[in-house]
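Peer 1: Sharing a structure, written as structure tokens. Questions coming.
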Amino acid sequence: MIRKYHFTRDTRKRLEDYASGKEMPAEENRQQDRPLTVCGLTDVGKVRLSNQDVLVESEELNLYGVADGMGGHNGGETASAGARDELIRFLQGHKPSTDALRSGFESANTVLFRQQEEDKKLAGMGTTLSVVWMSADFAYLGHAGDSRIYLLRDGKLQQMTDDHSLVGELMRMGYLTPEQAEKHPNKNVITRAVGTEKGIDVDLAVEERQEGDVWMVCSDGLHGMVTDSEIEKILAANAPKEAARKLMDAALKAGGRDNISVIVLRDGEAAR
């Protein structure tokens, strides 16, 4: 499990009692200081016959993300929708925290894994799951698979998650360059997913919210077709609704070889 905490100096002082390795404290429920403008889109693409992606959208929880399913028959659709539904169900009544988010992922994993054991037609199904869960002060990130979470802050785009994929692991080990990874025949082989095994490791991160931040969560049907530099330009120049549409159009124009899902969140005012 990876824990990444990024705080300003003032926030570190407020949290100095929480030593390294301890969970972040759950925050008190209070009204958001800033509005959150959100737009999500999903499309089957130009090649696939069905859409196994789903958007994770809960305005009540301030929880947003993407699940990209895999599996024969209707396995992928069952997995992605099941993970979304169980995560939202589990987090009802919980205050944002890394503990709750990790437990929600584990619950979704257990539900999907048991489904496979009970229905052999679903054997081998699984799904990526990448979400941003907003509290009043922080963005809590949960991630498994090769969907991605990006943050655009002060005009600069940063990928906030690691790809749990074969080429991603080879790149981190120094065996592949980004250019080689892009052309690798096994680029779609993922090494971690929700529902494929009895247990699951979840990457967790916490980022302090800042007004003007733009968060984007997408499936590989988008980030595999649109470069980071193009994503950065589109997010920097457009409000969430226009940005989501332009990103979707760019992925389709590039070939649309997979299902495409994207959700864009702007922290603060709705329009520039």
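Peer 1: Place a point 7 Å from the Cα of Lys95 along the Cα-to-Cβ direction; which residues of region 122-164 have their backbone N under 19 Å from it?
Peer 2: So the set is 133-141.
Peer 1: So, one more: If you find the alpha carbon centre of region 49-89 and of region 222-272, how far apart are they in angstrom?
Peer 2: Result: 20 Å between the Cα centres.
Peer 1: Next question. Can you send over the carbon and sulfur percentage of the accessible area for region 207-272, probe radius 1.4 Å, protein chains only?
Peer 2: After summing per-atom areas, the C and S share lands at 49 percent.
Peer 1: Right, here's the next one. Past 23 Å, Cα to Cα, is the threshold; run Lys121/Lys198; Lys156/Lys246; Lys46/Lys120; Lys95/Lys241; Lys95/Lys246 against it and keep the listed order.
Peer 2: Too far apart for the 23 Å limit: Lys46/Lys120; Lys95/Lys241; Lys95/Lys246.
The values are calculated or read from the model by the stated rules, or taken from the named source; none is laboratory data. Treat the numbers as computed from the prediction; the structure is a model and nothing was measured. Note that we place each Cβ from the backbone using ideal geometry, even for glycine, and neighbour counts take in every protein chain shown. Only protein heavy atoms, including side chains, enter the accessible area calculation; ligands, DNA and RNA are left aside. Shrake-Rupley method; radii C 1.70, N 1.55, O 1.52, S 1.80 Å.
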